[in-house]
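Engineer: Questions regarding the structure given below will be posed in turn.
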Amino acid sequence: MTVPVKVADGLAAPPSQADVSSVLDTIFGAKTSNASVDASYGLCELLLNSSAGFGGLTQYGILAEIKKAAADKKSGLRRESAQNLLGALFERFPPRQPASELVFLAQDDGAMVACALDALADKGSVVRDAAQYGLDALFAHLGPEALVAGLLPVLTRYLSRATGKWQGAVGALLLMQKMADKARLTLGSTREQAEEQDILREAMGAKLAGLIPVVEGQMHDLKAEVEKQAVKTMTSLTSLLSNDDVAPRIPLLVETMHHPSAEALQKAIHALSQTTFVAVVTSPVLALLTPFLERSLNMPTTSQEVLRQTVIIVENLTKLVHDPIEARTFLPKLQPGVKSVVNRASLPEVRELAERALNVMDKAMAGDDKTQVVERTTAEDVAKVLDGEVEREKKKEAVASGQLDTYKLLRPYLGAMVAEDVNHRFIQRIPARIAPYLQGLMQSADAHARVAAAVHRHYHDEDARKYGVPDKEDDGEVEIVNAEFSLAYGGRLLLSHTKLRLLKGHRYGLCGRNGAGKSTLMKSIAGGKLEGFPPQDVLRTCYVEHNQGEDADISILDFMAKDPTIAQEGIARISAVLEEVGFTAGPEGRQSHKVGSLSGGWKMKLALARAMLLRADVLLLDEPTNHLDVANIKWLEDYLKSHPDITSLIVSHDSAFLDNVTTDIYHYEPNKKLGHYKGNLNAFVQVRPEAKSYYTLP
């Protein structure tokens, strides 16, 4: 494949073949490393500052010379110079001419990356160091989409070939591990970094079905170094799963891959059978678990008890697969084994369980009228949209002469990157996957931006057709909070660059499984530590708690007046507000009773009276129905619903209470975001059935 030399305005004329050959002679004839490196950077600048650009890498035979020198067994200097030049190209070209990624990653199946990986086996340390420098430089300059659509296939092919060198295999596995580690959500990341982590995690997770077998094979390599790195890489890859049910079992599953045996498989199946699956099961989870289940079903020596456990796991997992396309991808691998259990299992109970699992699998793959089947966008789908826009610019004579051949080479690569953004709903990232790559192909100054904007508009509209139009924030209601923040506890990231928007008078249920961080969020707001949440002098927020134990020996009226802020309201108003919530005035009234004498229900009423006297705009209620009887719970429900000027954020395990009072639900999503759902708890569970596991409605 030859990339045509680019001819563009505003750049120097392309150098002659003689000029380039002279620089190449200097690079490969250098007597010192520094001289070779300096000449390599000089060649980069010669091409980048001329109209030759990245097209000159093939046009002048530069890549061919690198391959030739890299294979020179007689000269370590030439092999080092080859890696010095390759490293310079990897470092200088992608940031300034992103389309050069095509040459490094797509041309000849990524032969230049393979050239650097092979050099990691060189007997000379300077050659190995130069090769590693180049690989690290390339990795650093690739965006998430390019890593997944460009570099990942190159690494997979390298690991799959029989002739690869073991040091190169270690290098490829290490790059794969770096990619997975880069996808991890981290404390202190910027919004842009968090977005890149999100798309990389989603896109890599979707590729696990192809990655796991390749890396698992390396875990059994005869070279201890390859085996050790493969285990590390597999551990990092499995961290891409955003599933709290499976996460505790991952070390055992990786160990079972590393040291496979019938006994190890039996232990893994037993551990999975002890797991309560409640989270939605997506492609990454299926990619990890399907091979274990398939082996268990198909091994002739599997006991009836293990078969029973296996078909139960299959059924429970399948019930949580909400996407028929993902079901159709993985479940057919399990169907023959489950059918075999139906036909051959010796125990009637096991046959019956397998039959039930088979029925659930059929339903999951078929979907139903309520299931929204969203077809995946392919690279070719994107390329066709691109073709239409490029053709439109061609008619305007905006495409540079002779650059259509370059575009034809680029289109599959651009299509693959944009398809990742479309399928994982990072639509806002599309323009940056197109415009910089097409810039050198257009002779009109803004034609590349027009193409990118048109493709972005197309997929923005398509996303709205598939998933509906997001609620607009200008909904006519009074917005009192619109915060974007991250939240951590004890070094553990709970929420990453998520939004919390509160409207006046709404009552929000804060929902998520135990340990998600609901109370941590409430306390962070109450302590004035949540980034973006309005301070007390702007929005009066009150944490409602029925814990007044330290003042048990003073009267209720004195307890309230003790607070300097409340004292400013005056005794008369304090008494009136207490009376409003049921504390009668006078020497014999409840206001004269000791705080320590109050039951749970009366303590809650006292806390609400305090919030009223503080003129709270927002109430933070953490398990407000604890220690309340039915009558007091009803009183609290009525109180909250009768104050439309107060906004509430509520954490409660009392499903009936939440269902009765909430107008909206905020839910802790697997991607460390808060998902907003309009309606009460019942409406939320209809949309997210897995929430039934931790919120049980009557």
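Engineer: Between 46, 85, which is under 25 Å from residue 438 (Cα atoms) and aliphatic (A, V, I, L, M)?
Structural biologist: So the residue among 46, 85 that is under 25 Å from residue 438 (Cα atoms) and aliphatic (A, V, I, L, M) is 46.
Yes or no, residue by residue, for (1) of a type in the set (Ser, Thr, Tyr); (2) within 19 Å of residue 257 (Cβ to Cβ):
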{"position": "282", "(1), (2)": "yes, no"}
{"position": "289", "(1), (2)": "no, yes"}
{"position": "292", "(1), (2)": "no, yes"}
{"position": "299", "(1), (2)": "no, yes"}
{"position": "306", "(1), (2)": "no, yes"}
{"position": "315", "(1), (2)": "no, no"}
{"position": "319", "(1), (2)": "no, no"}
{"position": "328", "(1), (2)": "no, no"}
{"position": "332", "(1), (2)": "no, no"}
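Engineer: Need the failing condition index for residue 321 against (1) assigned to a helix (DSSP H, G or I); (2) closer than 28 Å to residue 687 by Cα, just the number.
Structural biologist: (1)
Engineer: Determine which single condition residue 441 fails, assuming it passes every other condition in (1) out of contact with any Pro (no Cβ under 8 Å at 6 or more places or on another chain); (2) crowded, with 19+ Cβ neighbours inside 10 Å; (3) more than 22 Å from residue 47 (Cβ to Cβ).
Structural biologist: Residue 441 satisfies all of (1) out of contact with any Pro (no Cβ under 8 Å at 6 or more places or on another chain); (2) crowded, with 19+ Cβ neighbours inside 10 Å; (3) more than 22 Å from residue 47 (Cβ to Cβ) except (3).
Engineer: From the list 303, 283, 261, which one is among the hydroxyl-bearing types (Ser, Thr, Tyr) and under 26 Å from residue 225 (Cα atoms)?
Structural biologist: Answer to the selection: 261.
Engineer: Let me ask another. In the range 318-363, what residues are farther than 18 Å from residue 291 by Cβ and in contact with a Ser or Thr (Cβ under 8 Å, 6 or more places away or on another chain)?
Structural biologist: Selection gives 322, 323, 324, 360.
Engineer: Based on what the data block shows, is residue 26 surrounded by fewer than 18 Cβ atoms within 10 Å (Cβ to Cβ), in a helix (DSSP H, G or I) and β-branched (Val, Ile, Thr)?
Structural biologist: For residue 26, the condition - surrounded by fewer than 18 Cβ atoms within 10 Å (Cβ to Cβ), in a helix (DSSP H, G or I) and β-branched (Val, Ile, Thr) - is met.
Engineer: While we're on this one: Which of the residues that make up the range 80-103 are in a helix (DSSP H, G or I) and touching a Gly at 6+ places or on another chain (Cβ under 7 Å)?
Structural biologist: Listed by number, the residues that qualify are 80, 83, 86, 87, 90, 99, 101.
Engineer: Out of all the residues in the range 31-68, which are surrounded by 23 or more Cβ atoms within 10 Å (Cβ to Cβ) and of a type in the set (Ser, Thr, Tyr)?
Structural biologist: 36, 40, 60
Engineer: Output the residue which, of all residues in the range 464-483 that are modelled with pLDDT under 90 and among the acidic types (Asp, Glu), is nearest to the chain's Cα centre (by Cα).
Structural biologist: 471
Engineer: Restrict the check to the range 433-454 and report whether at least one residue is closer than 21 Å to residue 193 by Cα, among the basic types (Lys, Arg) and touching a helix residue (DSSP H, G or I) at 6+ places or on another chain (Cβ under 6 Å).
Structural biologist: yes
Engineer: A further question follows. Is the range 78-90 home to any residue that is within 42 Å of the chain's Cα centre (by Cα), buried (at least 23 other Cβ atoms within 10 Å of the Cβ), more than 16 Å from residue 126 (Cβ to Cβ) and not assigned by TED's automatic domain parsing to the domain that holds residue 439?
Structural biologist: yes
Engineer: Another question, if that's okay. Being loosely packed, with under 15 Cβ neighbours inside 10 Å and in a loop (DSSP other than H, G, I, E, B) is the filter here; which residues of the range 150-185 pass it?
Structural biologist: 161, 162, 163, 184 - these are the residues of the range 150-185 that are loosely packed, with under 15 Cβ neighbours inside 10 Å and in a loop (DSSP other than H, G, I, E, B).
Engineer: Tell me, which strands (runs of 3 or more DSSP E) wholly within the range 602-698 include 2 or more residues that are without any contact (Cβ under 8 Å) to a residue 24 or more places away in the chain?
Structural biologist: By residue number, 674-678.
Engineer: Sort out which residues of the range 557-575 are small (Gly, Ala, Ser) and surrounded by 14 or more Cβ atoms within 10 Å (Cβ to Cβ), and write them in order of number.
Structural biologist: Across the range 557-575, the qualifying residues are 561, 575.
The values are calculated or read from the model by the stated rules, or taken from the named source; none is laboratory data. What you see is a predicted model; the values in this text were computed from it and never measured. As a convention, Cβ positions derive from the backbone with ideal geometry for all residues, glycine included, and neighbour counts pool all protein chains shown.
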